[in-house]
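Everything on this sheet refers to the single structure shown next.
The values are calculated or read from the model by the stated rules, or taken from the named source; none is laboratory data. Just so you know, these numbers come straight off a predicted model, no measurement behind them. Because the Cβ atoms are built from the backbone with ideal geometry, glycine has one as well, and the counts that use them run over all protein chains shown. For accessibility, only protein heavy atoms count, side chains too; no ligands or nucleic acids. Shrake-Rupley method; radii C 1.70, N 1.55, O 1.52, S 1.80 Å.
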Amino acid sequence: MIKPSRIERALTLLALAGLLLAACQATMSPPDAVPTALPVAEYGWWNDAVFYEVFVRSFYDSDGDGVGDINGLIKKLDYLNDGDPATNDDLGVTGLWLMPVMQSPSYHGYDVVDYYQVGDEYGDNDDLLRLIEQAHARGIRIIIDLVLNHTSRQHPWFQEALDPGSERRDWYIWANEQPEGERWRESAGGYYYGYFSDQMPDLNYENPAVTEEMQKVTRFWLKDMGVDGFRLDAIKHLFEDGPVLEHTPATHAWLQEFYLFCKEINPDAVIVGEVWSTMDDVVEYVGGELDIAFEFELANATLESAVSGRKASVERKQQAVIDTYPPGQFATFLANHDQNRARSRLLDDEQAKLAATLQLTFPGAPFIYYGEEIGMQGAKPDENIRRPMQWGPDGGFTTGEPWRLYYEDYQERHVAGQSEATDSLLNHYRALVRLRNEHIALRQGDFIPLESDCRPVYGYLRRHQDENILVIVNLAAQEQTGCTLSLAASGLAHGDYAVRELLTSVEMSTLTANENGGFDYTPSEAFAPREEYILLLMGD
Ligand code: CA
């Protein structure tokens, strides 16, 4: 796999699409309508964003029916980002990923019955338009979950398709005799393929009518609703090829076409993919099919190192990420709505702070799962990792009965309390997001790992043009003394750098870069247990 080839192929396709369009329009349209090939930036706006994954049902309930809704989310926008960079009592996130908002019979929404309507319990399309408008006014972009692989069993398309004589029959995947494998589901008129469950029949993308309809859906959300992109669910499963159920060439080819389709509608739309696989499989989708995809291996390694106090997992995996992906083109996270919550895998808030520091000072586009910033807990089943947000000592999510109970620690762990406590996990997240928003080195800088003579101390330089930030964390629960962080060479100019710690504004000892831009740096006599430094190097 050679990364540039995919990008080059995408560029070629883009150029071809542009030429074809130009050729058509040359005869059909006035000259000023001739489009040019789309520019493909190395970094997109998503690299400057911090995303927040919202389960609308559990975020905030505006009308007391116990179910979170779009109007509730609008009410809480100031918590997420009040639009004023000078304030520091908001989280500062600049992107929201809304888990499915389309009409669905299930609580989670991943089985859609109407791709053109916001679900009744969440509100209506006008509410969503208002959310997008008010989010944009605060500098927050919004992407939504798009579930392409399957519909609900209750979708009218599938209900029609149940009839073997129906024109819709071929929108789904059928067999007369039961094929091998447990993913074939019985119905009166034959067996249908449903990868995830009998309630989620897979759409048949061999049928061009299905692709055409989903392009219509896509255009509707990008153009009429004005969303800023999509998070594509379960995208590795689009096409099957006999026993091969994921990553098929047909899936890759379809995604290339879909990507171009989206970018023609809105070149700024971001396409984020869920490819729940190994790094080597994920990267095959990045560039030309997806802008970014979630980096599952790095997420697990980050949590592992925060728990064990040993850096090997995260250090190795982060290096693999740097060696594998185009610079910055991956989405970082700690846990999502399909996994036990990060705080339930971490042992205490100090470990949660370390994991957050790593994630938010790493390259890539970071995604925070709602509630992660206050250390909300929850382990499977799924409903328990998607519980109501803990806003205050009474829960504060609804005036009615919440659709699902809060996690048991809700009276002690909540937004209101953590807003007051200066050393809370929430205030740590606020500080980290603010630093990331303020410093391009953290968002787009090169990632240069440092040598450390203390085994649990992990350090790296983030470097963007003239901005240089060192991140140094002691992962261990034990003090480390006399640790020196070293770099053989870098682009740093020769000379002395005053050093300021950005979380506390404390002045640290001066760093001297040699003529190769290398250094041996001992920031302090001793690192306290799980101490972390984010250090800005200031030349003269
Ligand atoms: Ca409600």
Q: Filter the helices (runs of 4 or more DSSP H) completely within segment 203-316 down to those with at least 1 residues that are aliphatic (A, V, I, L, M) and closer than 28 Å to Tyr460 by Cα.
A: 279-283, 296-308
Q) Of all residues in segment 491-533, which are farther than 21 Å from Gln351 by Cα, outside any strand (DSSP E or B) and among the charged types (D, E, K, R)? A) Glu515, Glu525
**Q.** Single residue of segment 36-73 satisfying the filter (of a type in the set (Gly, Ala, Ser) and at pLDDT 95 or above) that is surrounded by the fewest Cβ atoms within 10 Å (Cβ to Cβ)
**A.** Gly64
Q. How many residues does segment 445-476 contain that are under 17 Å from Ala355 (Cα atoms), more than 26 Å from the chain's Cα centre (by Cα) and of a type in the set (A, V, I, L, M)?
A. 2
Q. Could you list, in sequence order, the residues of segment 359-374 that are in contact with a strand residue (DSSP E or B) (Cβ under 8 Å, 6 or more places away or on another chain) and within 10 Å of Leu334 (Cα to Cα)?
A. Gln359, Pro366, Phe367, Ile368, Tyr369
(Q) Suppose the filter is more than 17 Å from Val275 (Cβ to Cβ) and touching a Lys or Arg at 6+ places or on another chain (Cβ under 6 Å); does Asp224 pass it? (A) no
Q) Among the residues of segment 479-490, which ones are surrounded by 14 or more Cβ atoms within 10 Å (Cβ to Cβ) and part of a loop (DSSP other than H, G, I, E, B)? A) Cys483, Thr484, Ser490
Q) In segment 227-254, what residues are touching a Lys or Arg at 6+ places or on another chain (Cβ under 8 Å) and open to solvent by less than 10 Å² (accessible area, probe 1.4 Å)? A) Gly229, Thr251
Q) What are the residues in segment 106-135 that are under 15 Å from Leu73 (Cβ atoms) and within 16 Å of the ligand (Cβ to nearest atom), if any? A) Gly109, Val118, Gly119, Glu121, Tyr122, Gly123, Asp124, Asp126, Asp127, Leu128, Arg130, Leu131
(Q) Residue under question is Phe362, and the condition is that it be in contact with an Asp or Glu (Cβ under 9 Å, 6 or more places away or on another chain), at pLDDT 95 or above and closer than 26 Å to Tyr533 by Cβ; does it hold? (A) no
Q. Has segment 304-313 got at least one residue that is under 19 Å from Trp46 (Cα atoms) and surrounded by fewer than 24 Cβ atoms within 10 Å (Cβ to Cβ)?
A. no
Q: Find the strands (runs of 3 or more DSSP E) located wholly in segment 85-158 whose residues include 2 or more that are at pLDDT 95 or above and open to solvent by 10 Å² or more (accessible area, probe 1.4 Å), and list them.
A: 114-118
Q | segment 61-84 - residue that is more than 8 Å from the ligand (Cβ to nearest atom) and in a loop (DSSP other than H, G, I, E, B) and, of those, farthest from Asp126 (Cα to Cα) | A | Asp84
(Q) I need the full set of residues from segment 282-299 which are in contact with an Asp or Glu (Cβ under 8 Å, 6 or more places away or on another chain) and either without any contact (Cβ under 8 Å) to a residue 60 or more places away in the chain or open to solvent by 50 Å² or more (accessible area, probe 1.4 Å) (or both), in order please. (A) Val282, Ala293
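For (1) over 24 Å from Ile271 (Cβ atoms); (2) of a type in the set (Val, Ile, Thr), each residue gets a yes or a no:
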| residue | (1), (2) |
| --- | --- |
| Asp323 | no, no |
| Ala331 | no, no |
| Leu358 | yes, no |
| Pro366 | no, no |
| Ile385 | yes, yes |
Q) Which of the residues belonging to segment 212-254 are farther than 22 Å from Gly109 by Cα, hydrophobic (A, V, I, L, M, F, W, C) and touching a residue at least 40 places away in the same chain (Cβ under 8 Å)? A) Leu245, Ala250, Trp254
